[in-house]
Amino acid sequence: MTSQKTILRALAGETLDTQPIWMMRQAGRYLPEYRATRAQAGDFLSLCYNSELAAEVTLQPIRRYGFDASILFADILLLPQALGADLWFVTGEGPRLSTITDAAGLAKLKPADAIHEHLAPVYETVRILSRELPSETTLIGFAGAPWTVATYMIAGKGTPDQGPAHALKAADKTTFEGIIELLTESTIHYLSMQIDAGAEVVKIFDSWAGSLQGDDFVNYAVKPAQKITAALKAKYPDVPVIAFPRGAGLRYEGLHAEIGADCIALDDGVTANWAAKHVQSGGCTQGNLKSSHMVTGGQDLVDEVNRIKTTFSKGPHIFNLGHGITPDADPENVQLMIDTLRAS
Ligand code: CP3
C-alpha cells in the first residue's frame, strides 16, 4: 500500500514532482508564537517536559506554513538527563550538564532501560501529536547520536572542537566507549518508545560527526548509528530512519548502505551537485540549503531554492535546511522558501 504522506513516499524511494519540505528547528525562537508559549512554560526545559505545550509549539509551524512533516519538540539532551546527568540551560549561552570524565562517573549513570519514567512526558507529547496532526503531516521522532550526546556529557557544555570528548577517547578509551555503548542502548529504548507512541519516522542527529577522523568516524559515528538503525529495523521494519552525520564531507558517500538508513541528511558543507551524484545515488537525501538564507531572503534565496530543487530532482529528496533555522530568521523568508519550492 502506498502512503499518501509525501515524506513517507520520498523515504520509500519515490521521486516526487514537488519535493516534500520541513525545516530543522521549525518550532523555535524565530516564531513569535513560539516565544509566547515558551514564556508561558517558564523556560526551555519546562516547555520540553510540558506535553500539552510541547505539542502546541510542534503544531505552530504546521498551522502557519503547512510543512509536510512535524518534528517532536524536545531536545537531544533530555536523554542524558534521564540517565542521571544534571541538565540546565543558561539563557543566551546554551546547555550545561554535570560532567562524566571517568569510570566512576559512568558507573553512577542509570542502566539503558531505566529512562522511561523520566521521559514519559516526551512520549505523551508524541501521543498528543499523533492525534492532533493533520492526516497529511508526518510525525518525526528523534534522538541525538551517541557521539554528539557524549560530547556534551563529557564537556558539560557545547564546545567548538569537542576537545574534552576527544581527550577522554585518547586517555581512557574504556570509559569513553562505555559512554558510547550506554547511549547507543538507551537511544534504541528511547526511539522505540517514541515509535510505540506514534512517531512515523525517526531521525538521529550527529551534529558533531565532522570532528571524527578516519577510524574514529567509522567506530563512533557510523557504527553506533548502524547499531541503532538495525535494532529499530528488527522491531519496526516499516519505520524509516534518517541519519544526519553533520560535517561528514566526502564521507557522506556510501553512508546509506553503511548505516542502513533510508535517508541521509546533508549539511551545507557539500555542494548539491556532488551530493546528488555521490549520496542521492544511495537513496533519499534531505537538506543542503544554507540556514542563513532564512535571515537574508531575497532573490538569492529564490535562486538557491530553485537550484537545490533542480539538482536533486532526479531522485528522492526532502527539502530542508543544512542545519537549524536561527532565532534571527525572518518568518516571511520561510514562506518565500515554501512558495518557491511549490511553484511548478
Ligand atoms: O527541530 C525542532 O524543531 C525540534 C526540536 C529540537 C530542538 N533541539 C529544540 C531546541 C531538536 C531536534 C533539537 C536537537 C538538538 N539539540 C541538537 C541537534 C541538532 C543541532 O542543532 O545540531 C543539539 C546539538 C541540541 C542541543 C541544544 N539544544 C543546544 C546546543 C541548544 C542551545 C543552542 C540554541 O540554539 O539555543 C539547545 C536549545 C534548543 N533546543 C532550542 C530549541 C528550540 C532553543 C531553546 C530556547 O527556546 O531557548
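None of the figures in this text is laboratory data; all of them are computed from the coordinates on show. What you see is a predicted model, and the numbers here were worked out from it, not measured in a lab. So basically every Cβ, Gly included, is an ideal-geometry build from the backbone, and we count neighbours across all protein chains shown.
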When every alpha-carbon pair in the chain is counted, what percent end up more than 36 Å apart?
14 percent
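Just from its helices, what would the mean residue ellipticity at 222 nm be for the chain, if runs of 4 or more DSSP H residues each count -39500 (n - 2.57) and the sum is divided by every residue, rounded to the nearest 500 deg cm²/dmol?
-13500 deg cm²/dmol
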Alpha-carbon centroid distance for the pair the range 147-165 / the range 1-69, whole angstrom
27 Å
With x for Gly and Pro, the residue-by-residue ³J(HN,Hα) of the range 62-70, computed from phi through the Karplus equation 6.51 cos²θ - 1.76 cosθ + 1.60 at θ = phi - 60° and given in whole Hz, is 6, 5, 6, 10, x, 4, 7, 9, 10
Once fully extended, how much extra length lies between residue 98 and residue 43, figured as 0.36 nm per residue of separation less the alpha-carbon to alpha-carbon distance?
17.9 nm
Quick one: of the DSSP bridges fully inside the chain, what percent are antiparallel, nearest 5?
20 percent
When the Cα centres of the range 99-143 and the range 213-254 are compared, how far apart do they sit, in Å?
19 Å
Subtract the Cα-Cα distance of residue 12 and residue 314 from 0.36 nm times their separation in residues, and report this length gain in nm to one decimal.
107.2 nm
In nm, give the distance between the simple-model label positions of residue 170 and residue 233, each being 7 Å from the Cα along the Cα-to-Cβ direction.
3.5 nm
Which of the lysines could a cross-linker span from residue 157 if the Cα-Cα distance has to be under 29 Å and same-chain partners fewer than 8 positions apart are dropped?
108, 110, 169, 173, 203, 223, 227, 290
Given H placed 1.01 Å from N in the peptide plane, which residues other than close sequence neighbours of residue 203 have an amide H under 5 Å from its amide H?
141, 142, 143, 242
According to a simple spin-label model (label point 7 Å from Cα along Cα-to-Cβ), what is the distance in nm between residue 343 and residue 219?
5.2 nm
